[in-house]
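Notes for the one structure printed next.
Please treat every number below as a calculation from the coordinates, not as lab data. None of the values given here were measured: they were computed from a predicted structure. All Cβ positions, even for glycine, are placed from backbone atoms using ideal geometry, and neighbour counts span all protein chains on display.
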Amino acid sequence: MHLNDELGLNTHLAHLGEDEKIKGAVVPPIFQNSLFLFDQTEDLLDCIGRMNKGLPYHYSRICNPTVELAQKKIAQLEGTDDCLLTGSGMAAITVAVMSCVKAGAHVIAVETAYKPLRTFLSDVLPRFGVTHTLVDGRCPEEVLDAIRPETTLIYLETPSSAMFRLQDLETISKVAREKGITTMIDSTYASGVLMNPHRLGVDIVVHSATKYMGGHSDLTAGAICASQERIDHMLLDGIQHFGSTLHPFSAFLLTRGLRTLTLRMKRHQETANTIAAWLEDRPEVEVVHHLGLPSFAQRDLFRRQFNGAGGLFSFEPKSQDREKVVAFCDALKLFGRGVSWGGFESLVIPLAVAPSDYAEPRWCIRLYCGIEEPQDLLRDLEAAIPLLA
Ligand SMILES: *Cc1c(COP(=O)(O)O)cnc(C)c1O
């Protein structure tokens, strides 16, 4: 099949990179090998010297055809030149951040970004002389005011974990680019389907492909999407040294997940919109943080940047009694108690959130709507929610 730019996203996710049908197999086989052989020694030496992606392959830490297939589809999804896959989302984040800093550099990051990233900034990077400033992020002027002469990176996450706050990507990346500062975003929530940050001007897009892209809670993976120049640099300067390669079998599962990504997203979206609207009307609930609600605080920005909301959101119960919060979570039968999200199964987790505009930490209950029957999920919540009264 010949693919071109006129074909839509789902056609690309189904067929891109699969022209060659090996022995007629409709699904590409897994290249479960660490190394590749050469007929000629000169060709082997030449390949090691160039250390590039794609043919000829020589070593799976650098490039493997099964991993490369998933990389092609994700680059197409995000609209970037290329993509690098890593063994987890955090590996993608740390490889990408390390490519943008050196001793003396300063990073600006959103204060509600994924916690392990913030710990990396506060506990690891200072050992190498890299400092950072955390910002609220909702007001672009506030982000840009934090820029110093030594700032090399602005790290965004929209919406941010737990609080679901958005940043104005176009305004921030435009100014950053004028000043020669790299912008990076964790776009795991949008997963290339709900929003494409690179098209809005952001330089590097990172993902936890463990979530929606994998979609079945059976793998961990990370993705870095960027220009060819940046990807080539991160391959040689990051993956090559840190060894944070994705395993071919996980890449095979990831490709399978990508084929149904947009179908699943639609389902997550419909269910989450229904459940969030129901929660908003409940007397036990103070506020629901869900992008898909008409009452969402940054509704205008949401409509400008996104084409829909995902299956993940949170709500703050009126009662901030820890015991009641735990009892509610324990009473749920279809929402599993656990971390992560993006798979087929619904999940719940209580989180103590403490953004700088809150006088004290508050309990926030994060719900993830899987692909189960929406009515079953609603009934499960209906039975448990009186425990929050
Ligand atoms: C899960 C997650 C990560 C980390 O990804 P792993 O695959 O678990 O390493 C990063 N950012 C967000 C928003 C996540 O939800």
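Below are the figures for this structure:
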read-out	value
Residue among 41, 181, 209 farthest towards the positive dipole end of segment 19-259, charges placed on Cβ	209
Simple Cβ-charge dipole of segment 102-250, Lys/Arg +1 and Asp/Glu -1, about Cα centre, in debye nearest 20	140
Extension gain (nm, one decimal) between residue 362 and residue 179, 0.36 nm per residue minus Cα-Cα	62.2 nm
Span-like helix ranges in the chain, DSSP H, alpha carbon extent 27 angstrom or more, Kyte mean at least -1.0	261-280
Inter-label distance for residue 133 and residue 322, nm, one decimal - labels placed 7 Å from Cα along Cα-to-Cβ	3.5
Residue 263 versus residue 102: modelled label distance in nm, points set 7 Å from Cα along the beta carbon direction	4.9
Magnitude of the charge dipole, the chain, Cβ model with Lys/Arg +1 and Asp/Glu -1, debye to 20	320
Cα gyration tensor shape for segment 240-363, rounded if a/c is under 1.5, else prolate or oblate	prolate
Segment 226-371 - charge dipole about Cα centre, Lys and Arg +1 at Cβ, Asp and Glu -1, debye rounded to 20	540
Neighbourhood net charge (15 Å Cβ-Cβ; Lys/Arg +1, Asp/Glu -1) for residue 210	0
Relative packing of 339-346, 143-150, which averages over residues the other C-beta atoms within 10 Å, highest first	339-346, 143-150
Segment 19-259 shape via C-alpha gyration tensor axes, a/c threshold 1.5	prolate
Modelled FRET efficiency - R0 30 Å, residue 6 with residue 30, Cβ distances, 0.05 increments	0.45
Semi-axis lengths (Å, descending) of the ellipsoid that matches the C-alpha gyration tensor of segment 121-224	24, 17, 13
Normalised contact order of segment 256-389, rounded percent, pairs of Cα under 8 Å and 6 or more residues apart	27
Sum of -39500 (n - 2.57) over DSSP H runs of 4+, divided by residues of the chain (222 nm, nearest 500)	-9500 deg cm²/dmol
Efficiency of FRET between residue 37 and residue 123 - r from beta-carbon atoms, R0 56 angstrom, step 0.05	0.80
